[in-house]
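The values are calculated or read from the model by the stated rules, or taken from the named source; none is laboratory data. The structure displayed is predicted, hence computed values, not measured ones. Positions of Cβ are generated from backbone atoms using ideal geometry, with glycine treated the same way; all protein chains shown enter the neighbour counts.
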Amino acid sequence: MELAENLSAKPAGDDLMPVATKVYSDRQRLFLLYFVGTLIDLVVLGLFDQYSDKVFVNSFTTLVLASVVLQLLLKATIALEHRVAAYWKRKPGGFNTFMRFFCAWLVLFGSKFVILEALSFAFEEDVHFSGVFHGIVWLIIVVVTMVIAEELVVRFYRRLA
């Protein structure tokens, strides 16, 4: 009986959400971050698949799996970019500033080739980008759209507070 009361109890000043919906741990926050990011990637990749002849995904199952792979690779890329930038940011100076931005660009741009190859390896012909430079341009367009969509969702979420 006490558990049911706790689940339905509402905090002071919040009449819309039960206490059980509060996020408590970093693992829960990380799960939500990846979950929402994967759903955004799923929608973006699905829309490009449906409305563009340059992006092909064989099935919905493949679309879901490719979205998970893309989300993990994008998060790894961003983490690597932050580590490289932090390395060059340790010391002041014009050369280090230039190297910080150049290496960040190199990691972000070069990662698209790694992502394209990983998708080709994991899904063979079930996920395919075509067009200029063997599809790398369309992959970059899709990835940039995913990042922008994630940023817009995060900004909207923060404005709700």
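Of all residues in segment 121-149, those that are hydroxyl-bearing (S, T, Y) and over 19 Å from the mean Cα position of the chain (by Cα) total 1. Taking the numbered list (1) loosely packed, with under 14 Cβ neighbours inside 10 Å; (2) of a type in the set (K, R); (3) closer than 20 Å to A149 by Cα in turn, K89 passes all entries but (3).
Taken over segment 31-68, residues that are outside any helix (DSSP H, G or I), surrounded by 15 or more Cβ atoms within 10 Å (Cβ to Cβ) and among the hydroxyl-bearing types (S, T, Y) amount to 1. Please tell me if K75 is of a type in the set (K, R), surrounded by fewer than 17 Cβ atoms within 10 Å (Cβ to Cβ) and either within 17 Å of E151 (Cα to Cα) or touching an Asp or Glu at 6+ places or on another chain (Cβ under 8 Å) (or both). So K75 fits the description; yes.
Selection of first residues in segment 78-91 that are modelled with pLDDT of 85 or more and of second residues that are of a type in the set (V, I, T), restricted to Cβ pairs under 8 Å at least 6 apart or on distinct chains, gives the following pairs, ordered by first then second residue: L80/V107; E81/V107; V84/V107; W88/T97.
The combined condition, being in a helix (DSSP H, G or I), out of contact with any Asp or Glu (no Cβ under 8 Å at 6 or more places or on another chain), under 16 Å from L45 (Cβ atoms) and of a type in the set (S, T, N, Q), is fulfilled by S120. Would you check if there is a residue in segment 134-144 being surrounded by 13 or more Cβ atoms within 10 Å (Cβ to Cβ), at positive phi and either in contact (Cβ under 8 Å) with a residue 60 or more places away in the chain or not in a loop (DSSP other than H, G, I, E, B) (or both)? Checked against the condition, which is being surrounded by 13 or more Cβ atoms within 10 Å (Cβ to Cβ), at positive phi and either in contact (Cβ under 8 Å) with a residue 60 or more places away in the chain or not in a loop (DSSP other than H, G, I, E, B) (or both), segment 134-144 yields at least one hit.
When you scan segment 98-105, do you find a residue that is under 26 Å from V55 (Cα atoms) and free of Cβ contacts under 8 Å to residues at least 40 places away in the same chain, even just one?
yes
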